[in-house]
Amino acid sequence: MRGGTVIFGTLAILAALLPVMRSNFIPLEAAFQEGYALHFNGYSCLMLNDTTVAEPEAKAADVRSILKTDEASSPNLAIQIEVDIDPPPHQPNDPSDAELEKLGLPTHHVHYSTGTAEAHGSRQLSSLPQGSQSPIRPSKLDDDEDPSHSFIEPPRVLPSISGARNPPNLTRPKSKLLPPPTKADQGDVEEYKDKVYEIDAFCNLECGVEGECFMTRNEKNIIKKRCLCPHGKYGEKCALDRYISSPRFSGHSYLALPTLTNAYSDLQLSMEFRPASGEGILLLTGESADMTGDYLALIIRDGHIELRLDCGTGPGIVRTRDQVHLHQWNRLTIFRHDWGVWLQLNEGGLFSRITFAQPVLLGGTGSFRNTGHFLDTNLGFRGCIRRLEINNKIYNFEPSERQGDTLFGMDTDECPEDSCSSIPCQNNGVCVSADSGSDENLDLVGAFEVGVSGILAAMTQQDQEYDDFNQPLLGVCQCPLGFSGEYCEKPVEVKIPSFNGTSHLTYFGLADSSPLWNDFEVVLRSEAEDGLILYNGNNNDGSGDFLALFLSRGFVEFAFDNGDGVALVRSEYPITLHQWHTIRVSRTGRLAFLSVDGQNVQSQMSPGAFNELTANQNMYLGGVPTFRLVSPYIPIRKGLKGCIQKLSINHTPRDLLRGAIAGTNVDPCSHPCSPPPNQQSPCGIHGTCRPNLEDFSCECPLGWVGINCAKKMDLTGITALIPRFRGNSFLHLNREELAKNVLGNTNSINIRLKVTSANGLILWTGGDTFTPASDYLMLGILDGYLHYRFNLGNGEGVLIFNETRINDGRWHRIRATRAEQTASLNVDNGHVITGASPGKLRQLNGNGQVYIGGMEDLEHLPLSEFRHGLMGCIADITIGRLFDIKMMEDSSDGRNVENCLEEF
């Protein structure tokens, strides 16, 4: 074939069928009934008058006269068709040229134009540009060429259908044809003109025995041809062998692994993948190739991972809340047992047994059909896959003939070297390529030892796409919590996290739990003027709602977007490096407040009208895995360099380490509560060291007392029933029977105690969140006077017994009651005072838990005047119908509680 192009019209069918007609010739004249003649074009028949002469010569002449008559009286609408045909080589049994001419069939190269035929010899041809027009005119029937007539020459030889392994696919580029000309295209002319469409008819690359020629059209509308080579092959004619350990998929690729066995009810699967697109099929297997039986599929859709499976009772879908990180290695883990399915993507469905009979396909659909119907997608995966493990089998992606596990595949090649293969990350550390957009990997001074860090320090920002994978990418080990070092080889115990600019801790995000308001408190010490402190967004591409807390040139800044634009509030003064600071941020709707170390509160209102903020992605502290997921409105593109000792969200303290779902490159901070490995904690082996800026305090568990929690209490005898509170103590009662006597329409509380402090919390019960608007009931001391306060949802009821102070170190008895909205308070059987709460609500709601003498974090108590622990003793307590509460024995938690009758 010459030129690779052909001009298509209604005679394109003849061009494809003529070789078959010539090689399997049957005289067509015998097939025509009386009164019909074969058109000279070789494929049409014409009805003649009954008086027409039956000889072929007369028929042909009569047909030509009919055509001339038709041309003379043709209407304005006309169609011009041009097709060139080269007849195949003559076979011994083929008809002679004279016989072909009698039938109106060509005997040599013929150019068909406007219903007539031209026979051409050797000549110089010119081509029309794509979309050009030529006026309609009859073509000559002799061999002389009209020099004024230009046309496109089609392929000189049509491929033999019988001899080709795969018939040429003429339908693939059909969608790229230009639309037919409209009347607007023609202009105001009386005579219609045709348009010539030129396309690449065939993919003519030699791709070997098992390869396939494939055509694509790029953004400039230029057709590119390439070979889809079998798995493990590449090069010209797919003749060269390729070693594949981590296959890369182009979107047209697939790879087949053996059918799963013994996986009908239990499945454990893990893999690492580096996607170049947010759409595509990762894995597909099932019972039948047409998807009508059981199946299991892993799909990337809109950046989320979907597990789709049907075990015979209908399809089910499990979808990750988080999105994948493009151009970064992601880790996916799947567990399935009987009716339960669990997915974990990176850090962050009810079904029965399933039958597998088809191979496991990676990266595409392969031989599976109807995937568009059952999976809602046919798109193949673009990117790389490595470390696939299914039911404790680690797969080797080499072809089976080279002792690998791959049965067959198409268009896969080796994932370009990203240095991860040469970096032996230990202890479940993950090697991450420092590729496009990973700005956090560009500033690693102090993060790693000499070696990898020296290379990365000289890096400049890269912005490469998937097609640029041929250039090697640098990589580093991201170490999980508890390990550190260049290769995650050093075990570390982290009490207070330290961040090096590439570190981060991951928590579940806010989602839509508090769309109208947020409250944050962070205590940190920074070594650099710039760094991301906290980020939570709605999408992993930086778009949509978000909130961010960061340092910029030493100032603390809080930015958020509710959907109508970004608002930013900045601290009054910059912080002092290498010192501890307390940052408080509050957002209510569009209004945000920021304060640092008690400085003047700064505020800012966001634009627009939206008040709610939704953040469905994970929340990150100290940095992020990749700055691709950070809003472009945040000017900082590096993580925090420093330590964070406290994080509180919506008045609830977070356990920085145990509350994290994952962490990377987090080291221990230099602080008394975080001693070197060869030194003991200042609170001993039993106590918990609680940092307080640069200082600390020890929290002793129940049963242990003393400065460093080294002395065990004697819990035998009656003295063990009288707890002593030291201002940093509390007891936590959490019993179902207790909740029944706390919640509802009535309360009755009796307490015998002696107090030495002027301020302190005696008793508190409420909900899981500490807000002024939530239900609560409390007893406390303020300036020596007893306070009884409660809120049923419509406002606070306040009762103050001001006849006497109770902080005199003597024993007193307190009685507090409530009947719906009305309450009473009495001290030492004296005068009874009463009060009531506003509104119409009459029932106390909450979690039914009771704190005595204090609580875990008093700073988040909604009543700021009672954020002090009690100093004194409580001998006995009665709540409702529970008359014999053993505070020490019945407590589920507590700290720093001593025996009231012993001195320390």
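Solvent-accessible surface (1.4 Å probe) assigned to PHE508 amounts to roughly 120 Å². Ordering 815-823, 388-396 by mean Cβ neighbour count within 10 Å, with the highest value first, yields 815-823, 388-396. Computed with a 1.4 Å probe over protein heavy atoms only, the accessible surface of the stretch 241-381 comes to 37 Å² per residue.
Please give the contour-minus-distance gain from PHE883 to ARG553: 0.36 nm per residue of separation, less the Cα-Cα distance, rounded to one decimal in nm.
On the way: separation 330, 0.36 × 330 = 118.80 nm, distance 6.03 nm.
Additional length available on full extension: 112.8 nm.
Here the simple spin-label model places points 7 Å from the Cα toward Cβ, and for THR582 and SER757 these points are separated by 1.5 nm.
When only Cα pairs below 8 angstrom with a gap of at least 6 residues are kept, the stretch 639-735 shows a relative contact order of 14 percent.
Sequence-distant contacts, meaning Cα pairs under 8 Å at least 6 residues apart, place the relative contact order of the stretch 847-899 at 20 percent. Between LYS393 and LEU721, residue separation times 0.36 nm minus the direct Cα-Cα distance comes to 112.3 nm.
Between the alpha-carbon centres of the stretch 616-692 and the stretch 274-326 there is a gap of 35 Å. Placing a label point 7 Å from the Cα of ALA875 along the Cα-to-Cβ line, the residues of the stretch 739-764 whose backbone N sits under 20 Å from it are 749-757, 762-763. In sequence order, the stretch 607-615 has phi-based couplings of x, x, 10, 6, 9, 9, 10, 10, 10 Hz under the Karplus curve 6.51 cos²θ - 1.76 cosθ + 1.60, θ = phi - 60°, and Gly or Pro positions carry x.
Here r is the Cβ-Cβ distance between ARG658 and ASP94 and R0 is 60 Å; the resulting FRET efficiency, rounded to 0.05, is 0.10. Put a dot 7 Å past the Cα of TRP342, heading toward its Cβ, do the same for ASP302, and the two dots end up 2.6 nm apart.
Here the calculated FRET efficiency for TYR633 and GLU210, from their Cβ-Cβ distance with R0 = 41 Å, stands at 0.20, rounded to the nearest 0.05.
Summarising the label geometry, the points placed 7 Å from Cα in the beta-carbon direction at LYS220 and ALA289 lie 4.0 nm from one another. In the complete set of protein chains, residue-level accessible area for TRP329 is approximately 20 Å², probe 1.4 angstrom. When the C-alpha to C-alpha distance is required to be over 31 Å, the pairs from LYS495/LYS754; LYS712/LYS740; LYS711/LYS886; LYS224/LYS393 that qualify are LYS495/LYS754; LYS712/LYS740; LYS224/LYS393.
Judged by the mean number of other Cβ atoms found within 10 Å, the most tightly packed of the peptides 725-737, 872-884, 632-644 leads the ranking 632-644, 725-737, 872-884.
The values are calculated or read from the model by the stated rules, or taken from the named source; none is laboratory data. As the structure is a computational prediction, the values presented were derived from the model and not from experiment. For neighbour counting, all protein chains shown are included, and Cβ atoms are generated from backbone atoms with ideal geometry for every residue, glycine included. The protein model used for the area step is the full one, side chains on, heavy atoms only, and it has no ligands, DNA or RNA in it. Shrake-Rupley method; radii C 1.70, N 1.55, O 1.52, S 1.80 Å.
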